[in-house]
Amino acid sequence: MRQLTSRPQCARDKRVAILLTIAQLGYAHWFFGNLYEAVVRVPDRLAKVNESGVDDRRLASVLSPGSPVWYYVPGVPVVIGATLAAVVAGWTSRNDRPWLGAAAVGMRSGVVATVYLVRDVNVKLFVAGRPLTPADRDRLLRVWYRVNVLRLLTTGSAWLIAARITSRLRSTAHSAPHRG
């Protein structure tokens, strides 16, 4: 038997699906940016300019031109805003609530891991003026790659969860007749 869906519920489902689609674009941007940094070893390249006996050519600040932070700045409000707006808009649905919560936890975990990397690792590795021994450099690079794996898992999970919810909402919107 087909489930009857009210107009307000259909409108809510459509709104949540749109917001999660926007969030998915942000998650893709974030995920593939993190993956690219790991594959081409961006942290090694940026930290390498601090070799002993050579002038320190690292960045003047985390926000200097050439900093990887600038790649992510446009996507941050998109991911956070669209995810939180979808959680608020869809929270009344018992079926979606756990999934929306999981997407929000994934997003938040990725943000926390990124803030940690930028404030506590990237500043030491990539910003000029702070002495950095080869041992410290190697330790910080290991930390960077380990935390980046966590970022890939959290953003990838949030992306897949958002896709699952969006797919379900779109399929129910097309299959359930509206009450008039």
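Taken together, the values in this text are just the output of simple stated rules run on the coordinates, not laboratory data. In this text the structure is predicted, and so the values were computed from the model without any measurement.
Annotations for the structure displayed:
- Full-extension gain in nm, residue 97 to residue 36, via 0.36 nm per residue minus C-alpha separation: 18.7 nm
- Linear extension gain, residue 170 paired with residue 28, 0.36 nm per residue minus alpha-carbon span: 49.1 nm
- Extension gain, residue 115 back to residue 142 (0.36 nm per residue minus Cα-Cα distance, nm): 8.0 nm
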